[in-house]
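As structure tokens, the structure follows; a few thoughts come after it.
The values are calculated or read from the model by the stated rules, or taken from the named source; none is laboratory data. Note that the structure is predicted; figures quoted are calculated from it, not measured. So basically every Cβ, Gly included, is an ideal-geometry build from the backbone, and we count neighbours across all protein chains shown.
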Amino acid sequence: MFSWRYAYQASNRLICAHNAIGTYLVSHANHKRSRNSRHRQLRSIRHSVPATTFQALIVSLVLSRLDYGNAVLAGLPAYPFRRLQSMMNAAARLIYGLHHSDHIFDALISLHWLRAQERVRFKTAVLMYKATHGTAPSYLSQLVRVADLPG
């Protein structure tokens with residue numbers, strides 16, 4: 001039986017989770033000192049919502065922030081990607097409840113996540129493929145020209 005009261009409580013929990021996750025990700029990239037308190041807040045929220053919902057929220061927030069501005073990140077050396085990779089690792093640890101000393105590689109594989117630098121390369125390649133095949137927005141397709149290579 002459907003209950004509006006239960007739906008209202010569940011939506012409030014999701015709104016609180018969304019706000020806490022967004023705050024956590026911003027603070028994780030900028031403020032090391034406040035990171036621990038926000039990490040504790042998210043750990044408490046993790047048990048308030050279903051595991052699949054929590055994973056979907058974390059995945060959507062982390063990957064959308066990583067995908068924002070991929071074209072700017074393409075071709076940079078490895079050191080700017082360390083902070084982005086750290087954000088991804090923290091999110092994966094939060095989803096699976098891993099400790100900082102636990103290996104993260106298997107968690108990233110089970111989430112089907114590429115490493116940060118590989119993800120930027122992949123997204124840029126997909127964007128170029130779409131632009132050359134006419135499925136990208138027209139403003140991007142107009143900027144890309146395919147050249148014939150001699151040989």
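Numbers below:
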| read-out | value |
| --- | --- |
| Boolean, ARG93 is of a type in the set (D, E, K, R), closer than 26 Å to ARG121 by Cβ and either at pLDDT below 50 or under 12 Å from the mean Cα position of the chain (by Cα) (or both) | no |
| Criterion (surrounded by 13 or more Cβ atoms within 10 Å (Cβ to Cβ) and of a type in the set (Lys, Arg)) met by exactly one of ARG145, ARG40, ARG65 | ARG65 |
| Within region 51-62, considering residues that are surrounded by 11 or more Cβ atoms within 10 Å (Cβ to Cβ) and either of a type in the set (Phe, Trp, Tyr) or more than 16 Å from LEU114 (Cα to Cα) (or both), the one farthest from the chain's Cα centre (by Cα) | ALA51 |
| Tally, over region 52-101, of residues that are touching a residue at least 40 places away in the same chain (Cβ under 8 Å), part of a loop (DSSP other than H, G, I, E, B) and of a type in the set (S, T, N, Q) | 0 |
| Whichever residue in region 46-60 is among the small types (Gly, Ala, Ser) and closer than 13 Å to LEU111 by Cα and, among such residues, is modelled with the lowest pLDDT | SER60 |
| Of all residues in region 119-142 being assigned to a helix (DSSP H, G or I) and among the hydrophobic types (A, V, I, L, M, F, W, C), the one that is surrounded by the most Cβ atoms within 10 Å (Cβ to Cβ) | VAL120 |
| Residue match in region 99-118 (condition: at pLDDT 90 or above, loosely packed, with under 15 Cβ neighbours inside 10 Å and on the phi > 0 side of the Ramachandran plot) | yes |
| Any pair with Cβ under 6 angstrom, 6 or more apart, that starts in region 117-138 at a residue that is over 11 Å from ASN70 (Cα atoms) and free of Cβ contacts under 8 Å to residues at least 24 places away in the same chain and ends at one that is of a type in the set (A, V, I, L, M) and part of a helix (DSSP H, G or I) | ALA131/LEU140 |
